[in-house]
Amino acid sequence: MNLVLLGPPGAGKGTQGDRLAGECRVPKYATGDILREAVREGTELGREAKGYMERGELVPDELVLALVREALAGSEAEGGFILDGFPRTVAQAEGLRRLLEERGCELDAVVYFDVPEAELLRRLSGRRVCSGCGAVFNVTSGLEAAAETCARCGGELETREDDKPETVLNRLRVYRESTMPLLAWYRKDSGLLRELVAVGSVEEVYENLRGAIGCS
Ligand code: AMP
């Protein structure tokens, strides 16, 4: 299964993608996670990407495409993969298509996570990430309300720099302008795009996701 998870920030692609990757035993590559790691480690990629990420803008296509090319080159991606947060522009989608052609494979599905903007703002304002293990929580949802430490490792929970309100609005604008055109682009590819109303509990969305990609 070669899958792309497409949707705005806060739509739940990471949470659902992790779960699906575990169940299907395929690697998940989240370009946002790979870039944040590069920034933390201070690599050349990280130094180039940092400013764009802090402003909530997109990192240039050629940098992201190079990163995905490297990720997919590993043998673990041979049995399938899930891409989360990539492609985000039509140029990236074209680059991905060329890359897959070179490998002699193609996408099986592109799942679009549809979530109303008011719900995205609510989720992003409540998102906290563990500084220790990277687990993601939401302090606006019942069980995790007011938690200050990670339920898994006890690490400190932090707000992602780009989840701060002023940057979130910019990320949503960038999403509308640069990423939404991908929906029409993939719609032309008959049968590839699956549209998922990604609201409800994590459990409900996961079941709908499995249904959308034909998992029995
Ligand atoms: P995410 O964790 O997916 O919300 O990504 C965090 C940030 O990383 C984005 O706001 C962008 O600055 C950058 N980023 C992640 N994926 C991409 C991509 N496919 N193209 C360009 N920039 C990206």
For the stretch 95-106, what does the Karplus curve 6.51 cos²θ - 1.76 cosθ + 1.60, with θ = phi - 60°, yield as ³J(HN,Hα) per residue in whole Hz, taken in order and with x for Gly and Pro?
x, 5, 4, 4, 4, 6, 4, 4, 7, x, 9, 8
Share of the chain's accessible area from carbon and sulfur, percent, 1.4 Å?
49
Where does each of 105, 133, 150 land when they are ordered by accessible area, with a 1.4 Å probe and the largest first?
133, 105, 150
Whole-Hz Karplus couplings 3J(HN,Hα) for the stretch 29-42, θ = phi - 60° and coefficients 6.51, -1.76, 1.60, Gly and Pro as x, run 10, 9, 4, x, 5, 5, 5, 4, 4, 5, 5, 4, 7, x
Lys/Arg Cβ at +1, Asp/Glu Cβ at -1, dipole of the chain taken about the Cα centre: which of 150, 118, 140 is farthest positive-ward?
118
Result for the chain: accessible area per residue, probe 1.4 angstrom, in square angstrom, of 51
Run the numbers on the chain and let me know its relative contact order in percent, using alpha-carbon pairs under 8 Å that are six or more apart.
28
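Nearest 500 deg cm²/dmol is fine: what mean residue ellipticity at 222 nm does the chain get from its DSSP H runs of n ≥ 4 alone, each adding -39,500 (n - 2.57), divided by its residue count?
Working: 9 runs with 100 residues, N = 216.
Value at 222 nm, helices only: -14000 deg cm²/dmol.
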First check a/c for the chain, with a ≥ b ≥ c the square roots of the eigenvalues of its C-alpha gyration tensor; if it is under 1.5, answer rounded, and if not, answer prolate when a/b is larger than b/c or oblate otherwise.
rounded
Need one number: % antiparallel among DSSP beta bridges in the chain, to the nearest 5.
25
If the cut-off is 25 Å between C-alpha atoms, which lysines fall inside it for residue 50, apart from same-chain ones fewer than 8 positions away?
13, 28, 164
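Taking the Cβ of residue 5 as the center, what net charge do the other residues with Cβ under 9 Å away carry, scoring Lys and Arg +1 and Asp and Glu -1?
On the way: positive: 13, 28; negative: 84.
Net of charged neighbours comes to +1.
The values are calculated or read from the model by the stated rules, or taken from the named source; none is laboratory data. Only a predicted model underlies this, so the values are computations on that prediction, with no experimental measurement involved. Quick reminder, even Gly has a Cβ in these numbers, built from the backbone with ideal geometry, and neighbours come from all protein chains shown. Side chains are part of the model used for accessible areas, which takes the heavy atoms of the whole protein and leaves out ligands, DNA and RNA. Shrake-Rupley method; radii C 1.70, N 1.55, O 1.52, S 1.80 Å.
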